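K.L.:
Please find one structure pasted underneath; my questions will follow.
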Amino acid sequence: MKEKKNFFDKIIDGLHLTKHREIIMYLIFGVLTTLVGWGVYYALLYAGRAIFGIPTDDVMSGKYIAVYTVAQVLQWICAVLFAFFTNKKWVFTDADKHVSIWKQLVTFAGSRLVTFGLDFVITYAGTFALAKLFPTLVSVLLLGKERNLAEILSKVIAAVVVIICNYIISKLLVFRKSKPEEKPIE
């Protein structure tokens, strides 16, 4: 029986990109994961700034660091869950089916903890550095509101680094292909 192709595979096949399917799918879901994470992060960050009266140009106070940390952690949890299930179903379709979902999830989450640390450091250090180097970035009128472009630029840089690292880790550790059965020597 012929396997029914999903929407993405039909497009990839139609564009004759089947050879690069996994990378294309990873990029699609990497971008979607990033959008899910950013949605959670910025909603919490802006809400926290509003609730606690943290000015746009404040990137060093204890209140800011607390709100930033909560936003980062909750973003990470939502993004990891979204990424795991989409990667398992849509991206790494030739992964070893004999590995339990729990083992994959634990390995996936563990590896994502490493890149979470990377995201956390790049975003915070980048925001701090850009705010110091280019003070005009911290209070920019954008889309009718005052925004901290140093935060936004740092988040974009962190996302690129994290997406690349996560692909490599997922491919090599989490969703490995099954080893071919060795045939006995006759």
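K.L.:
I'd like the orientation of helix 62-86 relative to the chain: the angle between its Cα long axis and the longest Cα principal axis, in ° from 0 to 90, rounded to 10.
P.N.:
That helix lies at roughly 20 degrees to the long axis.
K.L.:
At Lys19 and Val140, where each label point lies 7 Å from the Cα along Cα→Cβ, what is the point-to-point distance in nanometres?
P.N.:
Each label point is offset 7 Å from its Cα along the Cβ direction, giving 3.9 nm.
K.L.:
Dipole of the chain (Lys/Arg Cβ +1, Asp/Glu Cβ -1, origin at the Cα centre): which of Val91, Ala129, Trp76 lies farthest to the positive side?
P.N.:
Result: Val91, furthest along the dipole toward the positive end.
K.L.:
Where does each of Val91, Val31 land when they are ranked from fewest to most other beta-carbon atoms within 10 angstrom?
P.N.:
Result, fewest neighbours first: Val31, Val91.
K.L.:
Among [x] 1.05; [y] 0.98; [z] 1.09, which one is Rg/Rh (Cα atoms, Kirkwood Rh) computed from these coordinates?
P.N.:
Answer label, from the structure shown: [z].
K.L.:
Quick one: angle between helix 101-133 and the longest Cα principal axis of the chain, in degrees between 0 and 90, rounded to 10, please.
P.N.:
The helix 101-133 is inclined about 30 degrees to the chain.
K.L.:
Using r as the Cβ-Cβ distance of Ile65 and Ile168, and R0 as 30 Å, what FRET efficiency do you calculate, to the nearest 0.05?
P.N.:
Working: r = 30 Å, r/R0 = 1.00.
The calculated FRET efficiency here is 0.50.
K.L.:
About the Cα centre of the chain, how large is the charge dipole given +1 on each Lys and Arg Cβ and -1 on each Asp and Glu Cβ? Please answer in debye to the nearest 20.
P.N.:
Dipole magnitude for the chain comes out near 360 debye.
K.L.:
Once the other residues with Cβ under 15 Å from the Cβ of Phe52 are scored (Lys, Arg +1; Asp, Glu -1), what is the net sum?
P.N.:
Charge balance near Phe52 sits at 0.
K.L.:
Additional query: I'd like the FRET efficiency for Tyr42 and Lys97, computed as 1/(1 + (r/R0)^6) with the beta carbon distance as r and R0 of 35 Å, rounded to 0.05.
P.N.:
0.40
Throughout, read-outs are computed from the coordinates displayed, never taken from laboratory work. As the structure is a prediction and not an experimental result, all values here were calculated from the model. Positions of Cβ are generated from backbone atoms using ideal geometry, with glycine treated the same way; all protein chains shown enter the neighbour counts.
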